Amino acid sequence: MLKLIRKFIVVLIVLYVALFGLTKAIRYPEPIATIKLGLAPASKTPNLMPFHTIMARPNANTTWEKGVSEEIDQVIWNGKKQDFENFLNETNTNAFLVIRGGKITYERYWNGASISTVLPSYSVAKTMTSLVIGQLIDEGTIKESDTFVSILPEFKAGSSFDKVTIKDLLDMNSGIGVSDNYPTGPSGWGVAIAQMYASTDLDWFLMHNRKMKEEPGTFPEYRSVNTQLLGLIIQKTTGEKLADVFSKRIWQKVGADYDATWNVDKVGGHEKAFCCFNATARDYARVGQSLMSGLPTIASTSWKARLSVPAVTLDYGWGYGAQMWHPYPGVNLMLGLHGQYIYQDALHDTVIVKLSNMPTSADGVSPKIAAVLKEISEKN
């Protein structure tokens, strides 16, 4: 029996060493950390990767006011009218806020979350990145016509990759061949988007993923690599961490109550601009409210227009432009994997925040959820 135990331990050690070598070679976290990251529910991922802190500066002038409390009894979900509670449960909701006229009218939390709980937003980070890009364009630091490699020449590939412009990146029209295909289970851990998500060395990943699928500007398709390149542009042109730039230009301006985080490949490295922004529900709402109302100003009139006008059509037949979704006319939507929504309806002066723990396999349910948010927004 002791011999068998010893052999078993030796096999485990050999297996771990082999896996450690593999993860190091492909720039993944060590094996146990990779497994934890792959198996964790959405809400638990912010602390499973290194991060940079986005410093808040609470402002008494931006304290949330409570509006007239509203009840949401029933909604049309899955093709039939049913209890709102069913919708919340079936979509694995962690936080749900309704802001009308700049005041909180509905606010609830589940699964141990609270007002101060920092929750991930996944691809909502794309819009956050776009806000900084917009400011740099307004200041003349960069232009939409600039190519990526004109700013970061070390990534020149000698192919049509070198023609990709900031405009192409903003509108998911670059043609770079890194697909956002998310297979479920262990089989999905090796695909390109998973590698970029887990990467401990984004420069290495991008150097090995400059292959083009289409010519720039010819075929719009949602690809997260585009936003990651925008994040590198921000770092290069400002000489600062993306988290620090965002803190000064956006987070402190909106009067966020709590520090946020942005996951990185390694401390002092690159923020994962495409996915990994983490904050409280109320502070996400601040960004949505500021964009919608124009106060405080975090986007110029011209950049608000750029964010609000679809440039291409992507998944679900929705419009998309400058890293913002447009599911319905006049509605701007920040959308993230696993059910993260910051819904902005200027016509009805309403912002809705929904943060969730939905499985990757539920990604296609977004139109159904958006329809419920539309119904709630237009209630009054």
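Structural remarks
- All distinct Cα pairs of segment 154-271 go into the 1/r average, and the inverse of that average, the Kirkwood radius, is 15.5 Å.
- Dipole of segment 45-377 [Lys/Arg +1, Asp/Glu -1 at C-beta], most positive-end residue of 295, 96, 319: 295
- Within straight-line cross-link reach of residue 66, aspartates and glutamates at Cα separation under 13 Å, skipping those fewer than 8 residues along the same chain: 107
- Taking only the Cα atoms of segment 76-154, the ratio Rg/Rh comes out at 1.18, with Rh defined as the Kirkwood radius.
- Cα shape, the chain, gyration tensor, a/c 1.5 rule: oblate
- Segment 148-178 and segment 94-145: distance between their alpha carbon centers, rounded to Å: 26 Å
- Listed residue pairs exceeding 27 Å between alpha carbons, taken from 211/236; 80/379; 44/81: 44/81
- Exposure proxy order (Cβ contacts within 10 Å, fewest to most) of 64, 204: 204, 64
- For the peptides 121-130, 154-163, 169-178, the ranking by packing is 121-130, 169-178, 154-163, with the highest mean count of neighbouring Cβ atoms within 10 Å listed first.
- Segment 312-379 - Kirkwood radius from inverse mean 1/r over Cα pairs (Å): 12.2 Å
- The Cβ shell under 15 Å around residue 168 holds other residues with a net charge of +1, Lys and Arg each +1, Asp and Glu each -1.
- Counting every pair of alpha carbons in segment 223-283, the share spaced more than 20 Å apart comes to 25 percent.
- Cut-off 11 Å between beta-carbons: net charge of the residues surrounding residue 88, Lys and Arg +1, Asp and Glu -1: -1
- Contact order relative to length of segment 45-377, as percent, for alpha carbon pairs under 8 angstrom and 6 or more apart: 27 percent
Rule-based calculations on the coordinates, nothing more; no lab input. Here the structure is a predicted model, which is why all the values come from computation and not from measurement. Note: ideal-geometry Cβ built from the backbone for every residue, glycine included; neighbour counts use all protein chains shown.
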